[in-house]
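**Q** Just dropping this structure here.
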Amino acid sequence: MKKKLGIILLAVTLIMSMSACSSSNSKKGDTSAELSDITFVLDWTPNTNHTGIYVALEKGYYEDAGLNVDVVQPSDSGAEALVGSGKAQFGISFQDTQASNWVSDDPMPFTTVAAVLQHNTSGIISAKDDQITSAKDLAGKRYATWNNDIEMAVIRDVVEKDGGDPDQVEMLPESITDEVSALTADTVDAIWVYEGWAVQSAISREFDYNYFAFRDIDDTFDYYTPVIIANDSYLEEHADEAKAFLAATAKGYEFAVENPDEAADILLEAAPELDEDLVKLSQNYMADQYIADADQWGYIDAGRWNKFYSWLNEKGLVDGTLEENVGFTNDYLEES
């Protein structure tokens, strides 16, 4: 289990390495003493999961809320260590990868406070010629795994539920950064991806593909990914400020829903290294995902959150028991 001393040492190392890759408040050069400083840690490099954040920066929503927000990129260790240690107030995380924290003897002190997307948009992409149209078709195919216990259990479960033999899936440990290139090179047959990015990349590159979503096979896997987490001490001591941050963030995502092309331009200005065609395609897809069928951006349904964690308990995938409603709250969101 991770201990607090290790977390703090890691956090110090990470925060020292991130100064060269941060984005400051949209009012460049305006760091008025009247604005409260907020550090927000991404999960990786900027992409359309994060567009609402960049819109809120560019449009001055954070400044209007009295906040000077600094967006930083982490190392591979993710945002949890920085947020848990208090070196950052907010960050991006995922319900599935958080699970082990909630059964730890010494859990990192953070809480999920908003859902970036309302539904799990992940599934399996493959080359069309391989005829993998549903989970049962993975039997006899090469699946690129990152050897995570939860990931592999999900694959086994959906294959079995779909009528296939999970023992026939060939699990190949692979580290893939470009799914289309890997499928084109025929190094693997199937890859776990997010529809909003990898599938849109396949479309933009005119790659013939098949795709199926996990939640279409079993809604147990309609868990929350990604989410926004916040440091527990910060939430306790600065509740109104946390609510103001989330209200401004919600406004950014709401703008992206209504204006996907302009939102894409804002993201591209912040991260010009991104492919413009991909960002435009992705942003138009994501416009329907940020709020989807919820009453408001950010809301977390307790039933869906608990259903996935109950599945982890049943499968013995965590070293302990995940309690009901552990790890999240809607208390810092504006009431719809």
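The values are calculated or read from the model by the stated rules, or taken from the named source; none is laboratory data. Nothing here was measured: the structure is a model prediction, and the numbers come from that model. Reconstructed Cβ throughout: ideal geometry from the backbone, glycine too, with neighbour counts over all protein chains shown. All accessible areas refer to the heavy atoms of the entire protein, side chains included, with ligands and DNA or RNA removed. Shrake-Rupley method; radii C 1.70, N 1.55, O 1.52, S 1.80 Å.
**Q** Identify, from the list Val188, Val180, Val169, the residue that is in contact (Cβ under 8 Å) with a residue 24 or more places away in the chain and out of contact with any Leu (no Cβ under 8 Å at 6 or more places or on another chain). Spell out the reasoning first.
**A** Numbers: Val188 fails: out of contact with any Leu (no Cβ under 8 Å at 6 or more places or on another chain); Val169 fails: out of contact with any Leu (no Cβ under 8 Å at 6 or more places or on another chain).
Of Val188, Val180, Val169, the one residue that is in contact (Cβ under 8 Å) with a residue 24 or more places away in the chain and out of contact with any Leu (no Cβ under 8 Å at 6 or more places or on another chain) is Val180.
**Q** Please work out which residue is nearest to Asp96 (Cα to Cα), limiting yourself to region 31-76 and to residues that are among the charged types (D, E, K, R) and part of a helix (DSSP H, G or I). Even if it seems obvious, please write down each step before you answer.
**A** Going through region 31-76, the residues among the charged types (D, E, K, R) turn out to be 34, 37, 43, 58-59, 63-64, 70, 76.
Restricting the remaining residues to those that are part of a helix (DSSP H, G or I) gives 58, 63-64.
Details: Glu58: 31, Glu63: 33, Asp64: 34 Å.
Here the residue is Glu58.
**Q** Could you look through region 75-108, keep only residues that are under 28 Å from Glu34 (Cα atoms) and surrounded by fewer than 24 Cβ atoms within 10 Å (Cβ to Cβ), and pick out the one that is modelled with the highest pLDDT?
**A** Step by step, filter region 75-108, then rank; the result is Ile92.
**Q** Look at region 312-332 and say how many of its residues are closer than 14 Å to Ser104 by Cβ and of a type outside the set (A, V, I, L, M, F, W, C).
**A** 5
One line per residue, one yes/no per condition, for (1) among the hydroxyl-bearing types (Ser, Thr, Tyr); (2) within 21 Å of Thr45 (Cα to Cα):
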| position | (1), (2) |
| --- | --- |
| Tyr234 | yes, no |
| Lys243 | no, no |
| Ala248 | no, no |
| Ala263 | no, yes |
| Leu278 | no, yes |
| Tyr290 | yes, yes |
| Asp295 | no, no |
| Asn306 | no, no |
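**Q** Sticking with this one: Of all residues in region 31-61, how many are open to solvent by 40 Å² or more (accessible area, probe 1.4 Å) and among the aromatic types (Phe, Trp, Tyr)?
**A** Going through region 31-61 one residue at a time, the tally reaches 1.
**Q** Restricting to strands (runs of 3 or more DSSP E) lying wholly in region 127-244: which have 3 or more residues that are of a type outside the set (Gly, Ala, Ser) and buried (at least 17 other Cβ atoms within 10 Å of the Cβ)?
**A** Once the strands (runs of 3 or more DSSP E) in region 127-244 are filtered for at least 3 residues that are of a type outside the set (Gly, Ala, Ser) and buried (at least 17 other Cβ atoms within 10 Å of the Cβ), what remains is 142-145, 190-194, 209-213, 227-231.
**Q** Moving on to the next point. If you scan region 51-94, which residues turn out to be of a type in the set (A, V, I, L, M, F, W, C) and under 27 Å from Glu276 (Cα atoms)? Please lay out each step first, then the result.
**A** Step one: filter region 51-94 for residues of a type in the set (A, V, I, L, M, F, W, C), giving 53, 55-57, 65, 67, 69, 71-72, 79, 81-83, 88, 90, 92, 94.
Passing the criteria: Ile53, Val55, Ala56, Leu57, Val69, Val71, Val72, Ala79, Ile92, Phe94.
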